[in-house]
Structures are given as C-alpha cells and as structure tokens.
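In what follows, a structure is listed as structure tokens, so that the remarks can point back to it.
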Amino acid sequence: MADLDLTVLYGVTIAPFDEIGLRTAVLAADHADVVLIEPGLPGTSARQVAETLVHVPHRLLTLGGADGLDEQVVARVVREFLR
C-alpha cells in the first residue's frame, strides 16, 4: 500500500480513544475516508469514530483481526474501499 496517499494513526491502547487525533487528521485530509482496523472484532470502536466525526461527512470501513486479515487482504479491501 506504499503507493497510496494515506495517513496512518496508530493507537497503542484501545482506551482512551484518541478523538482529538482522529478529528485533527480527518479535517487535515482532502476527504474523510476512515479505515479502522482493530485487533479483535470489526466495528468495536466504530461508535467512537462516528461520535467523533458526527459533524464531518465521512465514510468508515471497519476491519478486525477476527476476520483473519493479512497484509494482502488488508491492501485489497482498502484499495476497493478507496475507489
């Protein structure tokens, strides 16, 4: 995915959710396409993302480790989402 123009935010812990970091990154971007990849079930933190971006038009894709993700799967799914 090195050829994609992406901003990556990495959280060391799940809580507390970094609302300020997410909002700042999204507002600095050309458009708000958010891909949330979590270690467990997909969508676990989707509510926090939606609440953080409630006043910002955005699209959200959630993926989780429970989906059996590997680098190739993530790259394919993200590319499809960003089309």
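The values are calculated or read from the model by the stated rules, or taken from the named source; none is laboratory data. Bear in mind that the values here come from a model prediction, so they are computed numbers and not experimental data. All Cβ positions, even for glycine, are placed from backbone atoms using ideal geometry, and neighbour counts span all protein chains on display.
Numbers below:
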| quantity | calculated |
| --- | --- |
| Filtered residues of segment 24-44 (kept if at pLDDT 95 or above, touching a Leu at 6+ places or on another chain (Cβ under 7 Å) and not aliphatic (A, V, I, L, M)) | Asp33 |
| Segment 2-24, residues that are farther than 24 Å from Val73 by Cβ and either of a type outside the set (Ser, Thr, Tyr) or in contact with a strand residue (DSSP E or B) (Cβ under 9 Å, 6 or more places away or on another chain) (or both) | Ala15, Pro16, Phe17, Asp18, Glu19, Ile20, Gly21, Arg23 |
| Flag if Gln72 is at pLDDT 95 or above and among the polar types (S, T, N, Q) | no |
| Every pair of residues 6+ apart whose Cβ atoms lie under 9 Å, when the first sits in segment 71-83 and is touching a residue at least 24 places away in the same chain (Cβ under 8 Å) while the second is loosely packed, with under 10 Cβ neighbours inside 10 Å and not in a helix (DSSP H, G or I) | Ala75/Leu4; Val78/Leu4; Arg79/Leu4; Leu82/Leu4 |
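Table: residues versus (1) of a type outside the set (S, T, N, Q); (2) within 23 Å of Asp3 (Cα to Cα).
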position	(1), (2)
Ile20	yes, no
Asp30	yes, yes
Asp33	yes, yes
Leu36	yes, yes
Pro39	yes, no
Ala50	yes, no
Thr62	no, yes
Glu71	yes, yes
Ala75	yes, yes
